[in-house]
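The structure follows.
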Amino acid sequence: MPGPGTAARQNLLCRLLDKYERGAAFGRPGPWRQDVIVRLDARQFPEAFAPEGREALADLRAAGEELGREGAVRLVRHRGYAAGLLHEVRLGPDELARAYELAAAFGFRPLGDDFRDLATLVTALCVEPGPEWMAAYLGDLAARLASADLSPLGVQRERFKRERRDVQDALTAAAALARGLAGWERVVSERIFGDSKRLAAVRPLVVDILLRADPRWEGLSRDDAPDLLEVYGVRRKPALLRCAGRATLKVGARVYELEDFVPAAHLPGAWAGAWIDAVAVGPTRRMTSIENETAFLAYVEEAGGPAGLGERDEIAVYTAGFPDPTLLDALATIAARKPSVEFRHWGDADLGGLRIWWLIRTRLGCPVALYRTRAEWLEATVARGGAQALEDGERAGLARLRRQLEASLWAGAADLGDAVELIAMLVRLGRKAEQERW
């Protein structure tokens, strides 16, 4: 166990180096605009300056003097009434290497080593095949690491130093998912890390990285996309098709009537083919996808249950936020096999809701009308006081989505025009609303 003098020495060195690694001088050659300064006063060391802290204060000053003699810091002394007593220890570019050398004796790990490890990983990931957006993201990250900028990862240096392994593993996982690795979460985790539980441990960081890297999600927060990994084909639970309406499903030798499932059917993903066949040959003329569960159940109830939906040749589908690949593939197959079906989507009047609509729209390749939460509804809702303020990131994401829509091959389609109108209304009002406000 280190003695009081050793503890004080470690304390001073750690404070100086931690402050340096958080500051603007980190990674920069000298001269710096300002030294890293730790002042020996009651604000920084309240215990040492307390009435019973004489020994601690003596140890602190002695440690500073010792570090000064060893060339790890420069000393600044009091003037006036306390002339000669140590007042500050300062770290400049000339003392930095010696300070790190002495700190290594008690296990201090330089942040520069973590940056080099991360840069090596990024270089390795850059040569792996993958989509253009991930290549662009990794290239930007590599360039910014050269100036100690972690902003593409959304973490501060202090957090990165504490969680460097988690950050590196999350980046590795995000790159693997971008390349198309998919399956059960624990199987995917085993393939990436050789540890079936590791992906679950870093899932929030993986989601954060994908939200920043994949341009489809610009402006979305983690709260808006809790199950984002399912969009990339990572499953934690069996795929389900949650729907209501009228259709006759033939599964093996058995026949099931969709309207018998009240209030809604939760069909196994393995039944997707039977569901597609039933819709393709049945009377369905409209499919309404709905983002949130309460809105979905309320919509089914409002229609008179599955039988009521069946009377108007409609099937309602719950997407659970961003739809998983099983549902997206099924809807796209129905759109291709039965072009007469009218698709529409009811989601939140916000960036997340529009991103979900656009994901469905691009996958189906046919019109998907915005239903209920349109520009005029948002305007009326805001007038009634039922809305929340937009954040700056959401504004940027909406602007990017609008550019995507206007540059799309479908730019002249009515559903894209309605989406652009909703985006304009969101930006003009600076407010958003959830579909439950309907």
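The values are calculated or read from the model by the stated rules, or taken from the named source; none is laboratory data. Note that the structure is predicted; figures quoted are calculated from it, not measured. Positions of Cβ are generated from backbone atoms using ideal geometry, with glycine treated the same way; all protein chains shown enter the neighbour counts. Just so you know, the surface numbers come from the protein's heavy atoms only, side chains and all, with ligands and any DNA or RNA stripped out. Shrake-Rupley method; radii C 1.70, N 1.55, O 1.52, S 1.80 Å.
Any idea what diffusion coefficient the chain gets from Stokes-Einstein, in µm²/s, Kirkwood Rh on alpha carbon pairs, 25 °C, 0.890 mPa s? Kindly include the intermediate steps, with their values, before the conclusion.
On the way: Rh = 25.9 Å.
Value of D from the Cα-based Kirkwood radius: 95 µm²/s.
Could I ask something else about it? Taking all pairs of distinct Cα atoms, average 1/r, flip it, and tell me the Kirkwood hydrodynamic radius of the stretch 1-69 in Å to one decimal place.
Its Kirkwood hydrodynamic radius stands at 13.1 Å.
Which residues does the label zone of residue 400 cover in the stretch 407-427, counting backbone N under 19 Å from a point 7 Å along Cα→Cβ?
What the label zone holds, given the 19 Å backbone N cut-off, is 407-409, 420, 423-424, 426-427.
Beyond 19 Å, how much of the Cα-Cα pair distribution for the stretch 296-438 remains, as a whole percent?
Looking at the stretch 296-438, the distances longer than 19 Å represent 54 percent of pairs.
So if we plug the beta-carbon distance of residue 127 and residue 407 into 1/(1 + (r/R0)^6) with R0 = 41 Å, what FRET efficiency do we get, rounded to 0.05? Display every interim value, and only then the final one.
On the way: r = 30 Å, r/R0 = 0.74.
So the FRET efficiency works out to roughly 0.85.
Quick one: putting +1 on the C-beta of Lys and Arg, -1 on the C-beta of Asp and Glu, what dipole do you get for the chain around its Cα centre, in Debye to the nearest 20?
700
Placing one identical point scatterer on every Cα of the stretch 82-156 and ignoring solvent, what is log10 I(q)/I(0) from the Debye formula at q = 0.15, 0.21, 0.23, 0.28 Å⁻¹?
So the normalised log intensities work out to -0.69, -0.97, -1.06, -1.25.
Of the DSSP beta bridges with both residues in the chain, give the percent that are antiparallel, rounding to the nearest 5.
The antiparallel proportion sits near 60 percent.
Right, another one. I'd like the distance separating the alpha-carbon centroids of the stretch 6-50 and the stretch 256-272, in whole Å.
64
What is the P(r) of the stretch 247-371, as percent of Cα-Cα pairs per 5 Å bin from 0?
2, 11, 22, 25, 23, 13, 3, 1, 0
Under 10 Å, Cα contacts only: if you run a Gaussian network model on the chain, which one of 52, 70, 406 comes out with the highest mean-square fluctuation?
52
Okay, next question. Return the sequence-ordered ³J(HN,Hα) values of the stretch 364-373 in whole Hz as given by the Karplus equation 6.51 cos²θ - 1.76 cosθ + 1.60 applied to θ = phi - 60°, using x for Gly and Pro.
Karplus values, whole Hz, x for Gly and Pro: 7, x, 9, x, 10, 5, 6, 10, 6, 7.
Determine ³J(HN,Hα), in whole Hz, for all residues of the stretch 228-240 in sequence, where each value follows from phi through the Karplus function 6.51 cos²θ - 1.76 cosθ + 1.60 and θ = phi - 60°; x replaces Gly and Pro.
4, 4, 5, 4, 8, x, 9, 10, 9, 9, x, 5, 10
Apply the a/c threshold of 1.5 to the C-alpha gyration tensor of the stretch 303-348 and tell me whether it is rounded, prolate or oblate.
oblate
Kirkwood hydrodynamic radius, the stretch 351-402, all distinct C-alpha pairs: what's the number in Å?
12.5
Roughly how many Å² is the accessible area per residue of the chain, as a whole number, for a 1.4 Å probe?
48
Moving on to the next point. Just for the stretch 214-361, what percent of DSSP beta bridges are antiparallel, to the closest 5?
50
Which value in deg cm²/dmol, rounded to the nearest 500, describes the helix-derived mean residue ellipticity at 222 nm for the chain, given -39,500 (n - 2.57) per DSSP H run of n ≥ 4 and division by the residue count?
The per-residue figure over the chain is -16000 deg cm²/dmol.
Spelling out what I want: for every residue of the stretch 247-257, take phi, set θ = phi - 60°, compute 6.51 cos²θ - 1.76 cosθ + 1.60 (Karplus), and round to whole Hz; glycine and proline get x.
6, 10, 9, 10, 10, x, 8, 9, 10, 10, 9
Positive end of the charge dipole of the stretch 329-438 (Lys, Arg +1 and Asp, Glu -1 on Cβ, about the Cα centre): tell me which of 341, 371, 401 has its Cα farthest that way.
After comparing all options, I get 341.
Work out how much length residue 280 to residue 389 would gain on full extension: take 0.36 nm times their residue separation and subtract the Cα-Cα distance, in nm to one decimal.
35.0 nm
Any idea which of 62, 11, 38 is furthest toward the positive side of the dipole for the stretch 1-69, if Lys and Arg beta-carbons carry +1 and Asp and Glu beta-carbons -1?
Working it through, the farthest residue towards the positive pole turns out to be 38.
Let me ask something else about it. Can you find, among 231, 353, 174, the residue farthest towards the positive end of the dipole of the chain? Put +1 on the C-beta of Lys and Arg, -1 on that of Asp and Glu.
174
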